[in-house]
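Notes follow once the structure below has been shown.
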Amino acid sequence: MLLVFLLLAVNACVDRNARRSNDADDWAAQRARMVRDQLAARDITDERVLAAMGDVKRHEFVPPAQRSYAYDDHPLPIGNGQTISQPYVVALMTQLLKLQGNEKILEIGTGSGYQAAVLARLVKEVYTIELEPDLATSAKERLRQLGYENVRVRSGDGFFGWPEAAPFDAILCTAAAPRVPEKLVDQLRDGGRIVLPLDRGGEQELVTGIKRGDDLRVRSHGPVLFVPMRGKVRE
Ligand code: SAH
């Protein structure tokens, strides 16, 4: 009985590895399945977002030990206690920005650089800030190697934004903040959008804010789970 179980288990592993072989065609097929089953089958309808998600090689952004799970429907560890978001969440946040193609965008929380790469396919310029110097360095190098020339990466506390490059057409935070950092709103152009997970005492919700003069019109898009934004926003 035990032997049969062991044989079945070994067989399942072999199957899994066969399905997850590393050649380029297989990655492309996994990506196409991800777009179809995890994004289009839910509520991702923006064709440009679907195309970008089908294009960006997510497996290049995860550590080697996680590669075979790169196109699965969940977040993955990327080192330094941080995570790359679930593909659906990346697509949803990107869709909520309602991008046309000519924008200049700021991202807070570069992490692996994956979200920045998706944005880079969709807009003119991406500025992205990462608190952890190690992650910033490796994301910068990865994006350069993969040919993403319209992304600038900086290490620092995203709470302060990137004033020299402001105003931005849109801002995206991929770490949960207890409130919308005011400096980010200052660096948003009038009519621009900010998308971020807000930490409401343990529960998080994804919100979009549209800047209208001195006002930020905030709308909720349901519960999410992100790593916390650290640094000045917590003081
Ligand atoms: N967008 C990333 C996932 C980010 S996880 C990707 O596509 O891979 C959130 C990231 O935010 C982490 O890497 C974390 O180190 C970073 N972070 C947390 N607080 C920050 C802050 N105040 N400023 C900039 N980055 C921050």
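The values are calculated or read from the model by the stated rules, or taken from the named source; none is laboratory data. Treat the numbers as computed from the prediction; the structure is a model and nothing was measured. Note that we place each Cβ from the backbone using ideal geometry, even for glycine, and neighbour counts take in every protein chain shown. Surface accessibility is based on the protein's heavy atoms, side chains included, excluding ligands, DNA and RNA. Shrake-Rupley method; radii C 1.70, N 1.55, O 1.52, S 1.80 Å.
General remarks:
- The lone criterion from (1) more than 11 Å from the ligand (Cβ to nearest atom); (2) surrounded by 21 or more Cβ atoms within 10 Å (Cβ to Cβ) left unmet by ASP215 is number (2).
- Failed item in (1) in contact (Cβ under 8 Å) with a residue 12 or more places away in the chain; (2) in contact with a strand residue (DSSP E or B) (Cβ under 7 Å, 6 or more places away or on another chain); (3) open to solvent by 20 Å² or more (accessible area, probe 1.4 Å), with VAL62 passing the rest: (3)
- Top-ranked residue of segment 157-179 - restricted to ones that are among the small types (Gly, Ala, Ser) and more than 18 Å from the chain's Cα centre (by Cα), ranked as surrounded by the fewest Cβ atoms within 10 Å (Cβ to Cβ): ALA165
- Checklist (1) over 24 Å from THR137 (Cβ atoms); (2) among the hydrophobic types (A, V, I, L, M, F, W, C); (3) within 12 Å of the ligand (Cβ to nearest atom) applied to ILE84, failing item: (1)
Residue by residue, here is whether (1) modelled with pLDDT of 95 or more; (2) surrounded by 19 or more Cβ atoms within 10 Å (Cβ to Cβ) holds:
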| residue | (1), (2) |
| --- | --- |
| VAL4 | no, no |
| ARG16 | no, no |
| ARG33 | yes, no |
| PRO77 | yes, no |
| LEU99 | yes, yes |
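- Residue check for LEU106: buried (at least 23 other Cβ atoms within 10 Å of the Cβ), modelled with pLDDT of 95 or more and aliphatic (A, V, I, L, M): yes
Table: residues versus (1) away from the ligand (no atom under 15 Å from the Cβ); (2) under 30 Å from VAL233 (Cα atoms).
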{"site": "ARG48", "(1), (2)": "yes, no"}
{"site": "GLY54", "(1), (2)": "yes, no"}
{"site": "GLN66", "(1), (2)": "no, no"}
{"site": "LYS98", "(1), (2)": "yes, yes"}
{"site": "ALA116", "(1), (2)": "no, yes"}
{"site": "LEU122", "(1), (2)": "no, yes"}
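- VAL233 vs. criteria in contact (Cβ under 8 Å) with a residue 12 or more places away in the chain, open to solvent by 10 Å² or more (accessible area, probe 1.4 Å) and aliphatic (A, V, I, L, M): no
- Residue in segment 113-133 that is within 13 Å of the chain's Cα centre (by Cα), at pLDDT 95 or above and on the phi > 0 side of the Ramachandran plot present: yes
- Test result for TYR127, of a type in the set (Ser, Thr, Tyr) and open to solvent by 20 Å² or more (accessible area, probe 1.4 Å): no
- Residue-level analysis places LEU172 outside the set of residues that are closer than 19 Å to GLY113 by Cβ, outside any strand (DSSP E or B) and among the aliphatic types (A, V, I, L, M).
- Candidates ARG67, ARG48, ARG58 - the one that is within 14 Å of the chain's Cα centre (by Cα), farther than 21 Å from VAL207 by Cα and of a type in the set (D, E, K, R): ARG58
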